[in-house]
1. For Val254, list long-range residues whose amide hydrogen, built 1.01 Å from N in the peptide plane, is under 5 Å from its own amide hydrogen.
2. On a C-alpha basis, how far is the centre of the range 150-172 from the centre of the range 17-46 in Å? Whole number, if you could?
3. What percentage of the solvent-accessible surface of the chain, computed with a 1.4 Å probe over protein heavy atoms, is contributed by carbon and sulfur atoms?
4. Let me make sure I get this right: for the range 165-230, a, b and c are the square roots of the gyration tensor eigenvalues over alpha carbons, sorted descending. Under 1.5 in a/c it's rounded, otherwise prolate if a/b > b/c, else oblate. Which is it?
5. What order do you get for 275-282, 102-109 when each peptide is scored by the mean count of other beta carbon atoms within 10 Å, highest first?
6. Of the options Phe146, Ala265, Leu9, report the single residue whose Cα projects farthest towards the positive end of the charge dipole of the chain (beta-carbon charges: Lys, Arg +1; Asp, Glu -1).
7. Determine the relative contact order of the chain: mean sequence separation of Cα pairs under 8 Å and six or more apart, normalised by residue count, in whole percent.
8. Cβ under 11 Å from Ala261's Cβ, Ala261 left aside: what net charge do those residues give with Lys, Arg +1 and Asp, Glu -1?
Amino acid sequence: MSASPRFALVAGEASGDLLAGLLLGGLRQRWPGLTGVGIGGPQMVAQGFDAWWPSERLAVRGYVEVLRHYREIVGIRQQLRQRLLQGERPDVFIGVDAPDFNLELEASLKAAGVRTVHFVCPSIWAWRPERVRKIQASADHVLCIFPFEPALLAEHGIAATYVGHPVANVVPLEPDRQAARRQLGLPEDAEVVALLPGSRGSEVDYLAHRFFEAARLMRQARQGLRFVLPAVPVQRERIERVAREAGVSDLVQVVPGQSHAVLAACDATLIASGTATLEAALFKRPMVIAYNMNWLSWQIMRRQRLLPWVGLPNILCQDFVVPELLQEEASPQRLAQAVLDWLDAPERVRALQARFTQLHHELRRDTAALATDAIEALLAR
């Protein structure tokens, strides 16, 4: 093995970019001269990663939405595979989440003799259990962010390591709300609701207008309420356009990125189902989880669900600790009332914060070091 190994990585959206950036930081501590190439975003680029394609090219969710971009996505995967196997062969390929894209790529690379790692176990425990066979064929090792996953994978002969959730180490156990408000220019004594309609274009299309209408209703009920929305750079123009169309440009403060500052600053959040819900839990913030998508995509997905919950905080707590409003239930009226219910229930909020603090401790590990140890062992084989 080279003293400076060559890694190829693919992260398909903002949350994957964050995970991969943290992983690259740990790998670089072990191998300062490493090379990282593939598909990624700004967090990875900040670690010296050479992004051949930006991660947002893969940020599509839902069966129908993926079909619309199928040829483009498959074309990128074919080009990447050829480039990795013809002259720029990596020592290890690491697919970060994005299982529909990465597992297929990992399988072809593994068949060609490239060591493969999948970071973030696909949620075979929540839906699409048939994916376990694809994981067997694709990954030499899986890095798991939830503690129950390695034993589940071991039942199928898949090597795996629990590395904790890296964001649990980034988020402080006691977030500084007032410092975050000063950073964002928010009044220290105001009630603040964070709006997080997702980082994908399809999520913004289906959720942003609902969130803005809910904000209008909440403001009518509580005149002093403030709203702030952290927009990933690639979606900011789209979000601001929807805000203008909804007539709430003067009501909602849209900030570039800074989702962690926004979650630290808020009293409650209206949030799209996804990785951000776990981040909100780590910030100990009460939330209302919402999702809406193409009708056909929803019908397919709901038939494949194995659990009664879709939000990560509820899945990890094995209970509906926060409300989930999905599809037709995600009306502006119901979204607004569910958020207001949190603002009116301080005892309920304190009980939730205690449960989220327990969860935070469960997920805190030295993720970068554990992941790097697992990858180094794989390289030594």
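The values are calculated or read from the model by the stated rules, or taken from the named source; none is laboratory data. The structure presented is a predicted model; accordingly, all values stated were derived computationally and were not measured. Note: ideal-geometry Cβ built from the backbone for every residue, glycine included; neighbour counts use all protein chains shown. In case anyone asks, the SASA skips ligands and DNA or RNA and just uses the protein heavy atoms, side chains included. Shrake-Rupley method; radii C 1.70, N 1.55, O 1.52, S 1.80 Å.
1. Leu229
2. A separation of 19 Å, based on Cα centres.
3. On the way: 7760 of 15720 Å².
C and S atoms contribute 49 percent here.
4. Values: a/c = 2.70, a/b = 1.14, b/c = 2.36.
It comes out oblate by the Cα gyration axes.
5. With the highest mean Cβ count within 10 Å placed first, the list reads 275-282, 102-109.
6. Looking along the dipole axis, the top candidate is Leu9.
7. The value is 17 percent.
8. Once positives and negatives cancel, what remains is +2.
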